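Read the structure below first, then the notes.
The values are calculated or read from the model by the stated rules, or taken from the named source; none is laboratory data. On a predicted model such as this, the values are computed, not experimentally measured, just so you know. In this analysis, Cβ positions are derived from the backbone assuming ideal geometry, glycine residues included, and neighbour counts consider all displayed protein chains. We work out accessible area using only protein heavy atoms, side chains counted, and drop any ligands, DNA or RNA first. Shrake-Rupley method; radii C 1.70, N 1.55, O 1.52, S 1.80 Å.
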Amino acid sequence: MSGSFWHALVFALSVTLPSILLLVLGWFLRRSGQIDERFCDQASKIVFRYSLPALLFFSIYGNKVNFSSQIRLIAAGAVASLILFVGAEFIAARMRLPTTDKGVFVQGVYRSNTMVAGLAFIANAYGAEGVAVGAVFGGAMTLLYNVLAVVTLNQNTAGSRRAQLIHFARHLSTNPLILGIVLALLAKAIKLPVSPLLVQTGGYLAAIALPLALICAGATLNVQALFKVSDIAIGASLGRLIASPIIAILMGLAFGLNGLSMGVLFMMMATPVAAASYVMAKAMGANEIAAANIIGITTVGAMPIAAAGIAILRSLGWI
């Protein structure tokens with residue numbers, strides 16, 4: 001093994017291993033009875049409503065990143081996600097999946113966990129500057145993912161597609177993560193001064209966001225259920241774990257990305273399926289059991305695959 005690849009492998013492990021250890025810690029705490037489902041529910045709400053918005057806001061506000069230069073990164077992510085979406089829709093049609101399974105399969109392929117797993121990878125790799133870039137990228141992808149989810153899951157619900165889009169537009173407009181990103185960008189644009197007291201308080205909140213989110217994700221992971229998965233879950237998981245990272249790299253090269261931008265794109269796209277895919281599947285009458293299985297498979301499988309991809313890209317000098 002060459003020295004450069006060895007250094008790249010060490011870097012990859014430094015990016016992914018902390019997330020793996022926190023997932024294992026959460027699994028251990030839940031199985032040993034030290035935390036329960038109620039704790040995970042309450043902690044997840046704190047992370048979603050307060051800690052993650054604080055992390056996103058202060059990462060963006062406190063870094064001198066030229067976000068206008070990230071247009072190509074966002075475009076590459078959007079194109080990659082649309083390719084995955086269209087490809088999954090085509091495969092689902094060829095497989096003649098029932099409507100309750102089709103949307104779950106499609107979401108499992110295209111919907112990345114950008115705001116937890118992706119940001120955790122990026123924070124370990126690039127620090128606050130990377131989180132600032134990743135936050136804007138993740139916000140843009142969150143908007144796209146939710147619109148695509150409405151499109152693919154719409155057949156399971158009553159009412160017009162326009163009504164569904166209005167409902168989720170209202171949902172997105174009150175999303176704490178989106179609000180945190182938008183407020184940070186506005187504060188930077190008008191050069192709004194923020195009290196050091198608020199910065200310190202926000203820093204405390206931000207510090208617990210990713211560790212607590214990963215611990216809760218590990219605590220809710222049902223390892224035994226992974227051995228009882230359907231073909232739909234396996235197929236979607238392969239698309240998320242294999243196709244998504246490969247397409248991300250190809251789109252990164254096509255859009256001329258390198259360094260931090262290529263790293264953010266790959267690390268965001270080489271993540272497990274977002275937990276929101278289960279929430280939306282259940283809310284819109286789809287197969288929530290398959291959605292939960294896809295989350296479990298990809299949560300376990302994404303970590304080693306992401307580590308391998310990061311090591312290869314690092315040794316090539318692309319990230």
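Numbers at a glance
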item: For the chain, built as a Gaussian network whose Cα springs stay under 10 Å, the top-fluctuating residue of ASN258, ASN66, ASN293; result: ASN66
item: Helix-only [θ]222 nm of the chain, DSSP H runs n ≥ 4, -39500 (n - 2.57) each, per residue, nearest 500; result: -25000 deg cm²/dmol
item: Under 17 Å from the Cα of LYS45 - aspartates and glutamates, other chains or at least 8 residues apart; result: ASP36, GLU37
item: Semi-axis lengths (Å, descending) of the ellipsoid that matches the C-alpha gyration tensor of the range 1-82; result: 30, 25, 14
item: Among 240-253, 100-113, the order from most to least packed when residues are scored by Cβ within 10 Å on average; result: 100-113, 240-253
item: Mean Kyte hydropathy of 1.6 or more with a Cα span along the axis of at least 24 Å, helices from DSSP in the chain; result: 71-95, 196-219
item: Label-reachable residues, the range 116-138, where backbone N falls under 17 Å from a point 7 Å from LEU183's Cα toward its Cβ; result: 135-136
item: For the range 1-139, diffusion coefficient by Stokes-Einstein and Kirkwood Rh (Cα), 37 °C, 0.692 mPa s, µm²/s; result: 183 µm²/s
item: Percent RCO, i.e. relative contact order, over the chain, from Cα pairs under 8 Å lying at least 6 residues apart; result: 36 percent
item: Separation of alpha-carbon centers, the range 232-275 and the range 198-223, rounded to whole Å; result: 24 Å
item: Heavy-atom accessible area ranking, 1.4 Å probe, most first, across PHE121, PHE255; result: PHE255, PHE121
item: Of THR220, THR201, THR114, the one that fluctuates the most in a GNM where the chain has Cα springs shorter than 10 Å; result: THR201
item: Accessible-area ranking of PHE11, PHE28, largest first, probe 1.4 Å; result: PHE28, PHE11
item: Rg to Rh, two decimals, where the range 47-107 supplies the alpha carbon set and Rh follows Kirkwood; result: 1.21
item: Size of the chain as Cα extents on the principal axes (Å, biggest first); result: 53, 51, 47
item: Solvent-accessible surface (1.4 angstrom probe) belonging to PHE48, in square angstrom, nearest 10; result: 80 Å²
item: Relative contact order (%) - the range 1-145, alpha-carbon pairs under 8 angstrom, separation at least six; result: 35 percent
item: Interchain or long-range residues, amide H under 5 Å from VAL273's placed H; result: THR298, THR299
